[in-house]
Amino acid sequence: MIWVAYTLIAILFVAAADINQKISLTSKSNISSITNNFYCWGLIGLFALVLTLVLKLPFPVFTFSFLAKLLLLSIVYFFGGTLFYASFKSNSVSISSILGTISSVITTFLGIIFFSESTSPLKFFGSIIILTSIIFINFSKGARLDKYNILALLGGVCYGVAYTIDKSFVLNLNPIVYQSIISLSVAIFSLIVRPKLIISESKSISRLTARSIVMAASFFFFYQFFLFSAYKNGGEVGRIDVFNNSSIFVIFLLEFLILKDKSNLKKKIIASSLAVFGATLLTIAK
């Protein structure tokens, strides 16, 4: 199953990308998730476009239905990125990632509905385990569901929808060509929606923030390349997304080593173990 190998490689890149996103969003520049994502998506799109032109890869025919679906996906990714990465302002990356595993539940059910992907009691049990991990990391005695946790959850829901739409595109497109189209579309949509914010915050971006954004964009490019390649090689969108959630352990390790974040270690370990166990059940389900 070559899609498994592609997915495992993608996991390493997305973990590294998220850590760099955390650095850029909590630096002294204090930029918003909208500005951060505008530059990340824009850099990914430009890099993919250059590769597309150099390699002379064919572009698709831009029909009305293609453009309509592309606009919908751009909107979903815009809100997904804006909400999910805004949670990094307060949450640790690992907590946001655990909450973001709600995307696995979304992709599993949408994959069944739109791509006739396999159904199994294990899939539904795995979904329950993932939801349990989300509840566990969210609540303790006297705790409340704060706005940053809600942002991570809503971002995860958007990503679940976006990943499903991604597959419908990638099945008929080269992954690099698709990256150039979708990434530039999200960047342009971001600029249309919040031009003054992006222009204003761009003036205060520090060298550290700029470097983190460039590194995040680079890692995301390779993440998406291997992710989309997994789709093209027979991977189910639901299985691949839940497989991606094992990146929680990589993120947890990088967060501990690079960001020196030692908060809630016991809770994070238990919740991430539950999430990965649920993801494993979804992956092995027939």
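Since every read-out is calculated from the coordinates, none of them should be taken as a lab result. These figures come from a predicted structure and were not determined experimentally. Positions of Cβ are backbone-derived with ideal geometry, glycine not excepted, and every protein chain shown enters the neighbour counts.
Annotations for the structure displayed:
- The simple spin-label model puts a point 7 Å past each Cα toward its Cβ; for S206 and K260 those points are separated by 1.5 nm.
- Full extension of the segment from F62 to V214, taken as 0.36 nm per residue of separation minus the current Cα-Cα distance, would add 51.8 nm.
- Per-residue HN-Hα couplings for region 98-110 [Karplus 6.51, -1.76, 1.60; θ = phi - 60°; Hz; x = Gly/Pro]: 5, 5, x, 5, 4, 4, 4, 5, 5, 5, 4, 6, 5
- Unsatisfied cross-links (Cα-Cα over 21 Å) in the set K69/K232; K22/K260; K22/K196: K22/K196
- Computed over region 179-230, the Cα gyration tensor eigenvalues convert (square root of 5λ each) into semi-axes of 24, 17, 5 Å, ordered from largest to smallest.
- F226, F62, F38, F88 arranged by Cβ crowding within 10 Å, fewest neighbours leading: F62, F226, F88, F38
- Computed E for L55/I269 - FRET, C-beta separation, R0 51 angstrom, nearest 0.05: 0.75
- Segment L253..I9, full-extension length gain: 86.2 nm, with 0.36 nm per residue of separation and the alpha-carbon distance subtracted.
- Relative to the compact-globule estimate of 2.2 N^0.38 Å, the Cα radius of gyration of region 7-93 comes out at 1.30.
- Exposure proxy ranking, count of Cβ atoms within 10 Å, fewest first, for T82, T52: T52, T82
- Amide H partners (placed H, <5 Å) of S206, local residues excluded: S29
- Cβ-based exposure ranking for D166, D241, D146, in which fewest neighbours within 10 Å come first: D146, D166, D241
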